[in-house]
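Let me begin by presenting the structure, written as structure tokens, before commenting on it.
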Amino acid sequence: MLQDRYGLSLTTTSTDARDAYVDGVDRILAGMPDVERPLERALAADPAFALPHAALARQHQLCGRPKEARAAIEQAVALVDGATARERQHVEIFHRLCTGKVPAALELTREHAQTHPRDALALSPSCSVFGLIGFSGRLTREPEQLDLLEPLADAYGDDWWFLSSLAFALIELGQWEKGRALVERSLAQFPRNAVAAHIKTHALYESGDDDEALAYLSDWLPDYDRSGLMHCHIWWHYCLLQMAQGNQIEAWRAYDENCAPGISVSPSINVLTDGAALLWRSELAGAGRSVERWKALGDYYESTFPRPMVFVDAHAGLAYAALGQTDALARYIEQTEELGLGGRLPAGTVGATLSRAYGHFASEQWGDAIEVLEGILPEVVRIGGSRAQRDLMTNTLLAAYIKDARPDEAQSLLNRLEDRQPSRPIAGLS
């Protein structure tokens, strides 16, 4: 039988189908543009080949196209009966994922990894800070991610995808030096790997190497097509770096041209959460409020998301708070709290509580904001995302301490975060 890049048998006799499928899978794993075309070539070469349909389902799911993802995975299910046991289980993982059976998808992935550890595409949804573990809502999700990956290291060896995935898990546990070494090994093999470029940026962020990170992204980003999965988010990192160095004009130019609603074609979850985080963090750094940009984000949320969802639940309230829309914020908090209490949000009511804190902060009720944030900060890991993204909450608390003339408490918080060295551009924080 023909095999893929990982030595796994494929139920196709067409080398053209195999080669195109391998190309498509690598593009998914690397966050590259033009994923669909090679997978469609694979299906044109062998219409009975189930796995390209599953890969298309994964790409649609990543891009926030649930209807297309379900249609593609149903095609895979219809074709996979005569395939190998590994391929059938591979398709079932994505079937569970695309039909909303997330815990069951993770459970099957753990089982699958025991017998087929090198099935990278099947493993990939459980990796990263936006994966099945990352969005599980569990307090232990960061060590759990490392526990999933570390036992597979020997099976993957020097594989570029695995090196970058393991690197991110290490970085999120404070082991950014070790993580950086691994991701640079990955990039040495595949320099245009967007996922690895993003992970290297996280390593540099955690170590406070802003100059190096900015130089790296200034060189890497211009050739990255905006249709690539990571386009908005990597540009967000660039904007944060510019903002940290006081280059507000360049930060907003980059945001308006690459990340703003109506401009970015990246997944909607990135457009909303990255935009809200950048706008809020710019104000923490001392910039004036951009009402026009906040209104655009608020309108985007209301037109794109019928209700709060994972990670969005901890960000959408920022627009209401910044715009002084207290009634809308109160309704958002009520809705998010109800969904959380009903088990509809992995992080429970953490998003609602954070939105309440943002409302206090925007109303200059510093003591109330501090009280809420101090109480919820130990649980913020539950919302998902990276440590860099969750610095939105930490930096808000630091800014509240400064505005409430409590610099000693701000310093105490910084001292407790000593395993990390990111720049914290907050007005008044020395």
* Picking from L345, L329, L354, L339, which residue would you name as being surrounded by 23 or more Cβ atoms within 10 Å (Cβ to Cβ) and over 19 Å from W280 (Cα atoms)? -> L345
* **Looking only at segment 187-230, and only at residues there that are among the polar types (S, T, N, Q) and within 18 Å of Q245 (Cα to Cα), the one that is surrounded by the most Cβ atoms within 10 Å (Cβ to Cβ)** => T201
* Does segment 376-397 include one or more residues that are farther than 27 Å from V271 by Cα and either surrounded by fewer than 22 Cβ atoms within 10 Å (Cβ to Cβ) or in contact with a helix residue (DSSP H, G or I) (Cβ under 6 Å, 6 or more places away or on another chain) (or both)? -> no
* From R18, R88, R41, R70, which residue is in contact with a strand residue (DSSP E or B) (Cβ under 8 Å, 6 or more places away or on another chain), of a type in the set (K, R) and over 22 Å from M230 (Cα atoms)? -> R18
* Structure fact -> By residue number, the members of segment 44-67 that are closer than 20 Å to G228 by Cβ and out of contact with any helix residue (DSSP H, G or I) (no Cβ under 8 Å at 6 or more places or on another chain) are C63, R65
* Mind listing whichever residues of segment 266-321 are of a type in the set (K, R), more than 16 Å from A362 (Cα to Cα) and under 21 Å from the mean Cα position of the chain (by Cα)? => R307
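Every residue, every condition in (1) among the acidic types (D, E); (2) within 16 Å of A120 (Cβ to Cβ); (3) surrounded by fewer than 24 Cβ atoms within 10 Å (Cβ to Cβ); (4) in contact (Cβ under 8 Å) with a residue 60 or more places away in the chain, yes or no:
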| site | (1), (2), (3), (4) |
| --- | --- |
| G24 | no, yes, no, no |
| I28 | no, yes, yes, yes |
| R41 | no, no, yes, no |
| C63 | no, no, yes, yes |
* **Those helices (runs of 4 or more DSSP H) lying entirely in segment 231-322 with at least 2 residues of a type in the set (F, W, Y) and surrounded by 20 or more Cβ atoms within 10 Å (Cβ to Cβ)** => 231-244, 248-258, 291-304
* With respect to R41, determine if the residue is of a type in the set (D, E, K, R), over 26 Å from the mean Cα position of the chain (by Cα), more than 25 Å from I269 (Cα to Cα) and modelled with pLDDT of 95 or more. => yes
* To do: May I ask you to list the residues in segment 157-186 that are surrounded by fewer than 18 Cβ atoms within 10 Å (Cβ to Cβ) and part of a helix (DSSP H, G or I)?
  => E177, K178, A181, E184, R185
* To do: Specify which of the listed residues (S9, S14) is modelled with pLDDT of 95 or more, farther than 19 Å from F162 by Cβ and touching an Asp or Glu at 6+ places or on another chain (Cβ under 7 Å).
  => S14
* Considering only segment 1-31, state which residues are aliphatic (A, V, I, L, M), in contact with a Leu (Cβ under 8 Å, 6 or more places away or on another chain) and in a loop (DSSP other than H, G, I, E, B). => M1
* What pairs come up if the first residue lies in segment 289-301 and is of a type in the set (F, W, Y), the second is in a helix (DSSP H, G or I), and their beta carbons are under 7 Å apart, counting only those six or more places apart or on different chains? -> W294/L279; W294/A319; W294/A322; Y300/V271; Y300/L272; Y301/L272; Y301/A319
* Conditions: (1) closer than 28 Å to W220 by Cα; (2) at pLDDT below 95. D34 meets all but one. Number of the miss? -> (2)
* Asked: Within the bounds of segment 296-313, is there any residue that is modelled with pLDDT of 95 or more and either farther than 22 Å from L339 by Cβ or in the same structural domain as V102 (by TED's automatic domain parsing) (or both)?
  -> yes
* What is the residue count in segment 187-216 for residues that are under 18 Å from the mean Cα position of the chain (by Cα) and outside any loop (DSSP other than H, G, I, E, B)? -> 13
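The values are calculated or read from the model by the stated rules, or taken from the named source; none is laboratory data. What you are looking at is a predicted structure, and each value in this text was computed from that prediction instead of being measured. Heads up, the Cβs are rebuilt from the backbone with ideal geometry, glycines too, and the neighbour counts pull from every protein chain shown.
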